[in-house]
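Here's the structure, in structure tokens; my notes come after.
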Amino acid sequence: MRKRTLPLTFLAVLAHALQAQQVGSARGQDVNGYNVINSFETGYRFSSIDGDLGKYRSDVNFRNGIRLLGSSLTVNSKDGRGRLFDELVLQTLGLGNDPYESSTLRLQKNRWYRYDMLWRMNEYYNPGIPIANGQHLLDTRRRLQDHDFTILPQSKFKFRLGYTRNTQDGPALSTIQLFDGRGDEFPLFTNIRRERNEYRVGGDFEFVGIKLHWLQGWDYFKEDTANRLDGLSAGNNSEDRTTLAAFYRAEPYHGSTPFSRVNLRTERKYFAVNARLTYAGGRRNFIMDENAIGTNRLGAAQNRQIVVGGNARRPATTGDFSLSVLPTTRLSVTNSTSISSVRIDGDAVYRELSNASLQATTLQFRFLGIHTTTNMTDTQYRMSDRFWLYTGYHFSTREIRSVESDKDPSFDPFVTAGYQENRQHSGVFGIRIKPLKPVTVTLDGEVGRADTPFFPVSDRNYHALGGRVQLKQKSVLLSAAYREKYNTNSVSLSAHSSRGRNYSFDASWAPAAKFSLDAGYSKMHLDTVSGIAFFGLGNFLQSNSYYVSNLHAANIGVRVASHKRAEFYGGYSITKDVGGSKFALGPLALPPPNTLLFPQEFPLSFQSPLARVSILVRDKLRWNFSWQYYRYSEDFGLFGVGQNYRAHTGYTSLLWAF
């Protein structure tokens with residue numbers, strides 16, 4: 001299990017550490033009626049890693065080598081009347097084999113056009129869960145690009161063209177379980193191939209205070225990932241006679257989604273209206289052809305074929321209408337209605353044929369529909385300059401229908417058809433007080449009830465409370481916040497109860513332009529009790545799962561600068577989950593050593609100090625040095641596998657501006 005909140009902390013710190021510094025005065029140079037300012041930072045990035053390399057690559061992934069750490073080019077017309085363009089801005093980050101590279105370009109001519117481009121490349125490495133014995137991983141590259149072209153950008157009548165492309169490719173490793181109910185697994189090589197292209201055309205119009213935005217787009221997606229195994233494999237359990245001689249699976253998945261969006265809004269003295277309608281008509285065509293040849297645990301020959309195919313339509317329609325009434329400057333009442341309708345229908349058939357036993361299995365799917373309507377009324381009243389009151393009532397109803405057959409349920413009584421309806425009511429309230437001029441206090445809460453939630457973790461009987469206190473006095477800013485949410489729920493097969501509490505404290509102090517200090521601390525507590533049901537060795541098992549997390553996060557950073565010459569930044573961040581009381585699931589109907597005890601807490605820690613020095617060598621030349629340390633440690637050791645690592649990373653560079 002991985003805490004997704006951990007990378008956000010050090011990536012934010014890293015982004016600050018990589019921020020380029022200005023070199024002297026940005027005077028630029030005049031060329032043929034344009035002012036040109038150019039700078040680039042190049043240097044050598046270094047890293048030293050000790051421990052689990054796969055986990056480090058999934059979190060940080062910086063390696064050694066020469067890099068173009070950053071560059072910036074700005075060209076502006078001096079009189080705003082350039083021949084071909086009036087502004088050109090080109091910026092790059094991390095070019096030259098960094099795992100995270102990007103470049104942006106903005107080109108525009110006043111009153112006529114504007115072009116924006118964003119290109120990104122991310123190297124994504126996922127080592128998989130530790131219990132996979134290194135046989136689950138991804139090592140792919142994702143390339144993304146966005147292009148937007150606007151005609152008459154300063155006019156009340158704008159036209160837009162756009163294009164987006166997203167590709168992912170690279171090797172991967174996974175496993176498949178075949179021919180043995182006791183869990184013999186075989187490793188498979190996979191070549192990831194995914195591609196998405198989107199084309200857009202739209203515009204913005206403004207007439208007599210009414211603003212209209214429209215967009216028409218076409219989204220095309222395809223995946224041609226294939227899995228195969230060539231040669232005899234005994235699998236992970238070599239003690240039995242289960243083998244896999246050959247395996248091949250092709251499952252191309254192609255589809256298109258034309259979509260439309262219209263937004264209408266206007267603002268008057270006493271009211272405001274906002275209406276939006278979105279429609280997406282997704283279509284998918286898919287087929288899977290799988291062949292597996294081998295032997296079972298008794299040595300009997302196995303030859304299995306699976307064919308899955310069909311087509312699916314997924315029309316999705318959403319509509320929102322909001323009316324705000326402002327009878328006085330102190331009172332505002334807003335009513336919003338939203339409608340969402342999503343359907344999946346088509347012909348999908350699953351057929352499995354065993355050539356050894358000549359037995360076949362067929363499953364069919366026909367329809368799934370979800371319709372949701374939500375209405376919200378919110379009122380805000382400012383009694384004085386120091387007291388605000390907020391209250392509201394929210395209501396939603398959701399209807400779910402499904403059919404698992406190619407026949408009409410009205411004519412065939414044996415067709416499996418499902419139906420469920422859920423209504424949810426909630427009330428919200430809040431106040432905002434300024435007891436003193438530099439102090440602001442905010443309190444809010446929500447209470448909700450639902451009659452038939454769909455999932456065990458869905459909201460049913462819940463309440464949420466929160467508060468925030470902020471003090472701002474000259475160069476000092478202090479704030480503290482608290483939020484909690486309790487939810488209990490039960491469905492036909494399981495039950496769920498959760499309790500979460502968040503505390504946070506933040507402080508910043510900037511007495512002068514040459515010095516600033518920032519610090520923060522937060523604690524996030526979560527404990528849940530959920531019923532679980534699963535199959536093991538052919539037995540149906542039910543029990544309860546109790547999970548506890550106590551996540552602490554703290555950070556501090558200080559910036560010190562001398563007069564135009566040198567600048568220093570130092571910081572430290574730590575994130576630590578101390579867990580709670582361990583709670584086993586109880587005895588399971590599994591004989592040793594196959595007993596699987598789920599860990600109910602995952603204590604771990606991540607810490608990262610950093611330091612950055614920037615010195616002005618000459619008027620247009622600056623030397624930079626950055627160092628950052630990462631330490632990740634797991635205390636739970638899932639199945640005796642730890643993903644601990646320590647790493648020193650950094651770079652030395654020269655930043656030249658002219």
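Right, residue 481: buried (at least 17 other Cβ atoms within 10 Å of the Cβ), at pLDDT 95 or above and within 25 Å of the chain's Cα centre (by Cα) or not?
no
Do the conditions hold for residue 237, that is, is it at pLDDT below 85 and touching a Ser or Thr at 6+ places or on another chain (Cβ under 8 Å)?
no
Okay, residues lined up against (1) modelled with pLDDT under 90; (2) in contact with a Leu (Cβ under 7 Å, 6 or more places away or on another chain):
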{"position": "383", "(1), (2)": "no, yes"}
{"position": "394", "(1), (2)": "no, no"}
{"position": "405", "(1), (2)": "yes, no"}
{"position": "420", "(1), (2)": "yes, no"}
{"position": "454", "(1), (2)": "yes, no"}
{"position": "465", "(1), (2)": "no, no"}
{"position": "475", "(1), (2)": "no, no"}
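Here is a yes/no grid of residues against (1) of a type in the set (Gly, Ala, Ser); (2) modelled with pLDDT under 90:
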{"site": "490", "(1), (2)": "yes, yes"}
{"site": "494", "(1), (2)": "yes, yes"}
{"site": "507", "(1), (2)": "yes, no"}
{"site": "515", "(1), (2)": "no, no"}
{"site": "520", "(1), (2)": "yes, no"}
{"site": "528", "(1), (2)": "no, yes"}
{"site": "543", "(1), (2)": "yes, yes"}
{"site": "554", "(1), (2)": "yes, no"}
{"site": "563", "(1), (2)": "no, yes"}
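Can you tell me which of 256, 260 is touching a residue at least 40 places away in the same chain (Cβ under 8 Å), touching a Phe, Trp or Tyr at 6+ places or on another chain (Cβ under 6 Å) and among the hydroxyl-bearing types (Ser, Thr, Tyr)?
The conditions single out 260.
Starting from the stretch 37-52, take each residue that is under 30 Å from residue 134 (Cβ atoms) and list its partners that are charged (D, E, K, R), counting only C-beta distances under 8 angstrom and pairs at least six apart or across chains.
45/63; 45/67; 45/98; 47/63; 49/646; 50/646; 51/646
Taking the stretch 278-328 as the region of interest, how many residues are polar (S, T, N, Q) and at pLDDT below 90?
Total meeting the criteria: 8.
Being of a type in the set (Ser, Thr, Tyr) and either surrounded by fewer than 17 Cβ atoms within 10 Å (Cβ to Cβ) or more than 37 Å from the chain's Cα centre (by Cα) (or both) is the filter here; which residues of the stretch 239-263 pass it?
Selection gives 242, 243, 248, 253, 256, 260.
Count, please, the residues in the stretch 634-658 that happen to be in contact (Cβ under 8 Å) with a residue 12 or more places away in the chain, within 25 Å of residue 134 (Cα to Cα) and not in a loop (DSSP other than H, G, I, E, B).
7
Based on this model, can you work out whether residue 269 counts as closer than 30 Å to residue 334 by Cβ, outside any strand (DSSP E or B) and more than 25 Å from the chain's Cα centre (by Cα)?
yes
Please enumerate the residues belonging to the stretch 579-633 that are farther than 29 Å from residue 646 by Cα, aliphatic (A, V, I, L, M) and either in a strand (DSSP E or B) or at pLDDT 80 or above (or both).
Once the filter is applied, which keeps residues that are farther than 29 Å from residue 646 by Cα, aliphatic (A, V, I, L, M) and either in a strand (DSSP E or B) or at pLDDT 80 or above (or both), the stretch 579-633 yields 616, 617, 621.
What do you reckon, is residue 503 modelled with pLDDT under 95 and either among the small types (Gly, Ala, Ser) or closer than 30 Å to residue 519 by Cα (or both)?
no
Residues are listed down the side, and each one gets a yes or a no for (1) over 28 Å from residue 607 (Cα atoms); (2) of a type in the set (A, V, I, L, M):
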{"site": "48", "(1), (2)": "no, no"}
{"site": "69", "(1), (2)": "no, yes"}
{"site": "85", "(1), (2)": "yes, no"}
{"site": "101", "(1), (2)": "no, no"}
{"site": "109", "(1), (2)": "yes, no"}
{"site": "114", "(1), (2)": "yes, no"}
{"site": "124", "(1), (2)": "no, no"}
{"site": "134", "(1), (2)": "no, no"}
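Return yes or no: is residue 361 modelled with pLDDT under 95 and of a type in the set (Val, Ile, Thr)?
It is true that residue 361 is modelled with pLDDT under 95 and of a type in the set (Val, Ile, Thr).
Go through (1) surrounded by fewer than 16 Cβ atoms within 10 Å (Cβ to Cβ); (2) in contact with a helix residue (DSSP H, G or I) (Cβ under 7 Å, 6 or more places away or on another chain) one by one and return the number of the condition residue 49 breaks.
Just one mismatch for residue 49, condition (1).
Would you say residue 271 is under 27 Å from residue 338 (Cβ atoms), at pLDDT 85 or above and surrounded by fewer than 14 Cβ atoms within 10 Å (Cβ to Cβ)?
For residue 271, the condition - under 27 Å from residue 338 (Cβ atoms), at pLDDT 85 or above and surrounded by fewer than 14 Cβ atoms within 10 Å (Cβ to Cβ) - is not met.
Among the residues that make up the stretch 213-232, is at least one of them buried (at least 16 other Cβ atoms within 10 Å of the Cβ), touching a Ser or Thr at 6+ places or on another chain (Cβ under 9 Å), assigned to a strand (DSSP E or B) and charged (D, E, K, R)?
The answer is yes, given that some residue of the stretch 213-232 is buried (at least 16 other Cβ atoms within 10 Å of the Cβ), touching a Ser or Thr at 6+ places or on another chain (Cβ under 9 Å), assigned to a strand (DSSP E or B) and charged (D, E, K, R).
Of the residues in the stretch 438-462, how many are over 22 Å from residue 399 (Cα atoms), surrounded by 16 or more Cβ atoms within 10 Å (Cβ to Cβ) and out of contact with any Gly (no Cβ under 8 Å at 6 or more places or on another chain)?
1
So, restricting to strands (runs of 3 or more DSSP E) that lie completely within the stretch 84-151, which ones have at least 2 residues that are on the phi > 0 side of the Ramachandran plot, modelled with pLDDT of 95 or more and surrounded by 16 or more Cβ atoms within 10 Å (Cβ to Cβ)?
none
Restricting to the stretch 188-210, count the residues that are assigned to a strand (DSSP E or B), more than 22 Å from residue 145 (Cβ to Cβ) and of a type outside the set (Val, Ile, Thr).
8
The values are calculated or read from the model by the stated rules, or taken from the named source; none is laboratory data. It should be emphasised that the depicted structure is a prediction, and the values quoted were computed from it without experimental measurement. Glycine also receives a Cβ, built like all others from the backbone with ideal geometry; neighbour counts cover every protein chain displayed.
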